[in-house]
Amino acid sequence: VQLQAFGGGFAQPGGSLRLSCAASGFIFRIADMGWYRQAPGNQRILVALITGGGRINYADSVKGRFTISRDNIRRRVYLQMNNLKPEDTAIYYCNVLINSRSYWGQGTLVTVSS
């Protein structure tokens, strides 16, 4: 199982970034894919989840601003982040849960600052 996240960077408050995660090594179309983030000194938390069936859940803090989506042909999951806030600054990780085991990508840093 390999997950490679990219697309992080710097944005000003109110700006946008789009994260992508390229997946391989498992049956992507049925997998539940998630984006998590970890800010300095904090625990890693779930930001958004999209199931293999297309059900979506968001953390309350990002509802209305972030959109998770997936492309089963390209085997990618995306996180569109709009109206970014300084508190969105974190390392963002792509995740998949397979047979009760959690797999993580390497993370991509998102920094939101004026």
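The values are calculated or read from the model by the stated rules, or taken from the named source; none is laboratory data. No experiment lies behind these values; they were computed from the predicted model shown. Don't worry about glycine lacking a Cβ; one is built from the backbone with ideal geometry, like all the others, and counts go over all protein chains shown. Please note that ligands, DNA and RNA were not included when accessible areas were found on the heavy atoms of the full protein model with its side chains. Shrake-Rupley method; radii C 1.70, N 1.55, O 1.52, S 1.80 Å.
Annotations for the structure displayed:
- Filtered residue count, the stretch 1-16, keeping only those that are surrounded by 21 or more Cβ atoms within 10 Å (Cβ to Cβ) and in contact with a Lys or Arg (Cβ under 9 Å, 6 or more places away or on another chain): 0
- Count of residues meeting criterion [more than 14 Å from the chain's Cα centre (by Cα), of a type in the set (S, T, N, Q) and more than 19 Å from Asp32 (Cβ to Cβ)] in the stretch 62-114: 4
- The stretch 33-69 - residue that is among the charged types (D, E, K, R) and either open to solvent by less than 60 Å² (accessible area, probe 1.4 Å) or at pLDDT below 95 (or both) and, of those, farthest from Leu109 (Cα to Cα): Arg65
- Within the stretch 87-105, being of a type in the set (Asp, Glu) and either in contact with a Cys (Cβ under 7 Å, 6 or more places away or on another chain) or open to solvent by less than 10 Å² (accessible area, probe 1.4 Å) (or both) holds for one residue alone: Asp88.
- Candidates Leu109, Leu19, filtered to the one that is touching a residue at least 24 places away in the same chain (Cβ under 8 Å) and either open to solvent by 60 Å² or more (accessible area, probe 1.4 Å) or not in a strand (DSSP E or B) (or both): Leu109
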